[in-house]
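Okay, so here's the structure we're looking at.
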Amino acid sequence: MPKASQPDNVAEPVAAKAEKKTAAAKVPVVNIPNSVGIRQLADFMGVDSIQVIKQLMRSGIMANINQVIDYETAAAIAGSFGYQAKLKPLKEQRLATASEESKKLKKRYIKESIDLQPRPPVVTVMGHVNHGKTKLLDAIRQTNVVDSEAGGITQHIGAYQVTIDSHKITFLDTPGHEAFTAMRAHGANITDVTILVVAADDGVMPQTIEAINHAKAAEVPIVVAINKIDRENANPDLVKQQLTEAGLVIEEYGGNTVCVEISAKEKIGIPELLESLLLVAEMEELKASPNQPAAGVVIEAEIDKTRGPLATVLVQTGTLKLGDTIVVGNTWGRVRAMFNDTGKRIKKAEPSTPVVILGLNEVPHAGDTLTSVVDEQHAQAMLVKQREEAKRSASLTADSVNLDNLYDQISAGKVKELNVVLKTDVQGSIEPIRHSLEQLATDEVQVRIIHSGTGNITESDVMLAAASNGLIIGFNVSAGEGARQVSSNQRVDIRYYDVIYTLTDDVAKALKGMLEPKYIEVIDGKAEVRAVFPAGKGAKAAGVYVTDGKITRNATVRVYRGKEVLVESTVSSLKRFKDDAKEVAAGYECGVGIKDFNDFAVGDMLEFYKMEKSS
Ligand code: GDP
Ligand code: MG
């Protein structure tokens with residue numbers, strides 16, 4: 001049965017038929033540009049867009065009406081509608097490639113692009129549960145409360161800015177290293193400085209250590225906030241000691257980590273903390289050019305019933321302006337309205353500014369990147385390119401994968417990444433599950449969430465998984481009749497869970513099955529100690545006679561005295577007379593030194609071995 005992952009195979013026979021007919025009867029010709037919107041293509045053929053979407057779905061391509069497809073795909077679709085496709089001449093298309101596009105943009109902004117200016121630091125808060133992260137973020141937010149403007153957005157957004165001594169600091173409102181690392185896993189390195197909150201009455205706890213390690217892995221500087229110093233049993237000095245033990249040495253102890261004692265509850269030490277953040281930020285020399293097309297990252301996104309997709313975006317470079325055409329993740333749009341963190345309508349947003357934007361065609365994902373482009377055509381060209389790249393990586397494998405055969409598929413080298421379509425009952429479950437799954441990745445296998453969303457598993461989810469040789473994970477959701485039908489046809493594995501741990505454990509086991517190669521010990525040779533002599537610097541070497549096999553320089557060695565194993569170590573020297581030897585065969589004598597071992601005695605037996613992958 002033809003795989004849905006090859007749309008051309010499905011539609012080609014029809015297209016071919018149409019071509020043959022051209023000679024005899026008249027087949028309508030449709031001119032299609034290099035890339036074409038679904039709606040546009042439907043218009044060209046005078047059919048309903050839904051028909052086109054359905055046809056694409058049958059070919060394993062999930063698309064919505066605003067999406068853009070490449071010529072090849074469009075031609076196949078046209079063929080299945082009885083049209084002969086013709087590529088519209090290039091000059092008519094006026095379509096720039098992605099590189100042309102960036103050249104154009106560069107030209108437009110080249111003069112100003114060297115104009116780097118200091119930008120506010122972007123700060124996150126990490127630390128153990130209940131140590132006061134949320135309380136601190138609230139306390140900082142209250143240091144400059146601004147009345148929100150009528151008609152603006154009243155809800156809290158995922159980030160805010162405060163001003164201290166006329167310097168701005170941007171805070172990301174989602175505390176915790178999990179969120180931080182989830183964004184990072186998504187390729188979004190947005191934090192410049194992190195505050196590590198440690199409660200003075202509780203000290204360094206497991207999540208404190210995790211937070212330190214996550215920040216270190218990301219090479220993000222840490223400012224320590226020892227919180228709850230108002231508490232009677234507060235012991236900041238103990239915390240400082242514990243931090244040192246955890247590898248984070250504060251200035252007072254001769255290290256270079258800034259540490260501030262605070263009380264988020266009593267609002268003690270907050271200005272000092274903010275000043276420390278500015279200090280660290282200043283040392284980092286954070287800069288960006290405001291005079292460029294904007295680039296940024298999505299912090300959170302949702303659909304608003306009346307206003308459509310809403311996205312909170314952190315502008316990282318350039319200036320985002322009202323009316324800008326933007327590509328965000330897999331969607332695009334035009335900035336119809338923009339609000340700052342206090343809900344005020346704004347016209348532009350400079351680097352490090354968090355803003356809520358209206359005007360995207362679809363809801364993007366947290367961690368998606370935002371890019372300003374010249375116009376709609378460039379936006380579509382960019383999306384086509386992204387789709388093509390996604391398609392290319394998806395079509396690398398052929399057999400459908402499931403958790404049971406994953407082991408074999410990876411062993412056979414057929415699967416290098418596990419593609420997962422993730423459906424959950426609530427949006428809040430997506431990031432934690434995505435994060436835990438992606439954490440299971442190893443050098444051999446990547447775990448990739450190719451699509452995630454809320455609601456029951458649909459036919460299009462199944463098709464997408466089939467087209468990508470992936471599987472579907474449903475968390476607290478079920479699959480409709482149609483979806484189940486397609487999954488059995490396409491042999492797509494659907495797994496249902498209601499506990500995150502069970503979910504990740506199952507996937508981990510499936511991956512581990514093959515990822516833990518079985519090693520067996522292979523004995524190379526044996527030797528008997530006949531003499532012991534000094535080998536310099538207090539070390540001893542053994543004069544041995546090789547009784548079995550051969551012994552080699554890079555072997556591992558075990559020293560037996562009778563049945564007792566004295567040591568397991570590596571060979572540090574192997575000499576025949578005065579010369580270094582690579583290996584010595586049975587029947588010969590040689591000198592052997594063993595790393596970190598001097599306690600040889602005549603009669604000891606040496607066993608030389610190595611670990612080999614069993615296959
Ligand atoms: P999170 O889990 O790290 O976000 O911790 P929260 O901000 O929710 O704080 C946990 C508890 O500690 C709450 O009951 C807070 O009111 C309390 N708390 C936070 N900061 C302080 C502080 O500086 N002093 C005191 N006494 N309590 C605090
Ligand atoms: Mg909290």
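The values are calculated or read from the model by the stated rules, or taken from the named source; none is laboratory data. Computed from a prediction, not measured in an experiment: that's the story for all the values here. As a convention, Cβ positions derive from the backbone with ideal geometry for all residues, glycine included, and neighbour counts pool all protein chains shown. Ligands, DNA and RNA are excluded from the accessible area calculation, which covers all protein heavy atoms including side chains. Shrake-Rupley method; radii C 1.70, N 1.55, O 1.52, S 1.80 Å.
What the table shows:
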item	result
Condition met for Thr552 (hydroxyl-bearing (Ser, Thr, Tyr) and within 15 Å of Lys540 (Cα to Cα))	no
Residue within segment 380-387 that is at pLDDT below 80, within 20 Å of the chain's Cα centre (by Cα), basic (Lys, Arg) and open to solvent by 40 Å² or more (accessible area, probe 1.4 Å) present	no
Candidate set: segment 204-234, residues that are outside any helix (DSSP H, G or I) and open to solvent by 70 Å² or more (accessible area, probe 1.4 Å); chosen: the one nearest to Lys265 (Cα to Cα)	Arg231
Members of segment 235-254 found to be modelled with pLDDT of 90 or more, within 30 Å of Glu285 (Cβ to Cβ) and in a loop (DSSP other than H, G, I, E, B), listed by number	Leu248, Val249
Number of positions in segment 472-487 that are within 12 Å of Lys423 (Cβ to Cβ) and modelled with pLDDT under 90	4
Qualifying residue in segment 571-586 (condition: open to solvent by 90 Å² or more (accessible area, probe 1.4 Å), assigned to a loop (DSSP other than H, G, I, E, B) and touching a residue at least 24 places away in the same chain (Cβ under 8 Å))	yes
Index of the failed condition, Ala188 passing every other in (1) within 20 Å of Pro120 (Cα to Cα); (2) more than 12 Å from ligand 1 (Cβ to nearest atom); (3) modelled with pLDDT of 90 or more	(3)
Flag if Glu417 is within 30 Å of Leu320 (Cβ to Cβ) and modelled with pLDDT of 80 or more	no
Test result for Asn144, open to solvent by 20 Å² or more (accessible area, probe 1.4 Å), within 16 Å of ligand 1 (Cβ to nearest atom), out of contact with any Pro (no Cβ under 7 Å at 6 or more places or on another chain) and at pLDDT 50 or above	no
Scan of segment 440-461 for residues that are more than 15 Å from Ile472 (Cβ to Cβ), open to solvent by 60 Å² or more (accessible area, probe 1.4 Å) and touching a residue at least 24 places away in the same chain (Cβ under 8 Å), ordered by number	Glu444, Gln446
Residue selected from segment 121-139 under the condition open to solvent by less than 10 Å² (accessible area, probe 1.4 Å) and of a type in the set (A, V, I, L, M, F, W, C), by the criterion farthest from ligand 1 (Cβ to nearest atom)	Val122
Residue selected from segment 197-231 under the condition more than 15 Å from Pro175 (Cα to Cα) and among the acidic types (Asp, Glu), by the criterion farthest from ligand 2 (Cβ to nearest atom)	Glu219
Residues being more than 10 Å from ligand 1 (Cβ to nearest atom) and either open to solvent by 100 Å² or more (accessible area, probe 1.4 Å) or of a type in the set (Asp, Glu) (or both) - total across segment 262-273	1
Qualifying residue in segment 587-597 (condition: assigned to a strand (DSSP E or B), open to solvent by 40 Å² or more (accessible area, probe 1.4 Å), out of contact with any Cys (no Cβ under 7 Å at 6 or more places or on another chain) and among the aromatic types (Phe, Trp, Tyr))	no
Considering residues of segment 488-537 that are in a strand (DSSP E or B) and at pLDDT below 85 only, the residue farthest from Lys416 (Cα to Cα)	Ile523
Filter result for Arg434 (assigned to a helix (DSSP H, G or I) and surrounded by 20 or more Cβ atoms within 10 Å (Cβ to Cβ))	yes
All positions within segment 128-139 that are within 18 Å of Thr191 (Cβ to Cβ) and within 9 Å of ligand 2 (Cβ to nearest atom)	Lys133, Thr134, Leu137
Elements of type strands (runs of 3 or more DSSP E) contained in segment 278-338, each with 1 or more residues being in contact (Cβ under 8 Å) with a residue 24 or more places away in the chain and either among the basic types (Lys, Arg) or open to solvent by 30 Å² or more (accessible area, probe 1.4 Å) (or both)	295-304, 308-317
Residue check, Arg530 in contact with a Gly (Cβ under 6 Å, 6 or more places away or on another chain) and open to solvent by 60 Å² or more (accessible area, probe 1.4 Å)	yes
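For every residue, the table says whether it meets (1) at pLDDT 95 or above; (2) of a type in the set (A, V, I, L, M, F, W, C); (3) touching a helix residue (DSSP H, G or I) at 6+ places or on another chain (Cβ under 9 Å).
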site	(1), (2), (3)
Gly296	no, no, no
Arg345	no, no, no
Ile357	yes, yes, no
Asp375	no, no, no
Lys391	no, no, yes
Leu396	no, yes, no
Asp404	no, no, yes
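Residue-by-condition table, conditions (1) surrounded by 23 or more Cβ atoms within 10 Å (Cβ to Cβ); (2) more than 30 Å from Glu300 (Cβ to Cβ):
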position	(1), (2)
Asp408	no, yes
Val421	yes, no
Gly482	no, yes
Arg495	no, no
